[in-house]
Amino acid sequence: MSRLLQALHPIAVTAWSGGLWIVGYLVAPLLFAAVPDRALAGTLAGRMFHGIAWVGIVCGTYLLLYELLSFGAYALRRPVFWFAFLMFVLTLILQFWLQPFIASLRAAGAPIDALAAPGRHFGFWHGASSTLYLIESLLALGLVLKSRA
């Protein structure tokens, strides 16, 4: 494996994991604290989550291919592969299914509170999205720790 591809590995891990943590747990909360218009803050946060999802898609694709090309079938026994794989799957679910669904609910003026029509309220699905993002962020911690080993 070329030195360039080896050098890109820790960069991809850092960009993806660090981006998840910075956007989700620093920038988005600061936006909602600083911007009085919650709809505007939500729109801006959504764009950042969209951006970091694309970072995840690029970095995840690279990391999975790197693992498979470097280790062959043995990659399937490596925790780094599985952390990256699960993060990648969650990124795809959030980016291409859950976030568009939430956006459609928001555009349709769906109720925000959790007591509204079950399964069709913004708050429930936003909470589900946040939970999946938290799981992805925790997997990123495992990715960082196992990538160093």
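Could you compute the FRET efficiency for Ser2 and Leu44, with r as their C-beta to C-beta distance and R0 at 30 Å, rounded to 0.05? Spell out each step's value before the answer.
Values: r = 39 Å, r/R0 = 1.30.
It comes out at approximately 0.15.
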> Taking the mean number of other Cβ atoms within 10 Å as a proxy for protection, how do you rank 126-136, 32-42 from highest to lowest?
Replying inline: 126-136, 32-42
>> Under a crude label model (7 Å from the Cα following the beta-carbon direction), how far is Ser70 from Thr131 in nanometres?
In response: 3.4
>> Counting each pair of different Cα atoms once, what's the Kirkwood radius of the stretch 3-148 in Å, rounded to one decimal?
In response: 16.3
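Normalised by the number of residues in the chain, what is the relative contact order in percent for Cα pairs under 8 Å and 6+ residues apart? Don't skip to the end; give the middle numbers.
Numbers: 123 pairs, mean separation 40.2, N = 149.
Relative contact order for the chain comes out at 27 percent.
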> Hey, what number do you get for the chain at 222 nm if only DSSP H runs of n ≥ 4 count, each worth -39500 (n - 2.57), divided across all residues, to the nearest 500?
Replying inline: -25500 deg cm²/dmol
> In nanometres, what is the gap between the two model label sites at Ile57 and Leu30, each 7 Å from Cα along Cα-to-Cβ?
Replying inline: 2.6
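None of the figures in this text is laboratory data; all of them are computed from the coordinates on show. Because the structure is predicted, anything quoted here is derived from the model rather than measured. No Cβ is skipped: glycine too gets one built from the backbone with ideal geometry, and neighbour counts run over all protein chains shown.
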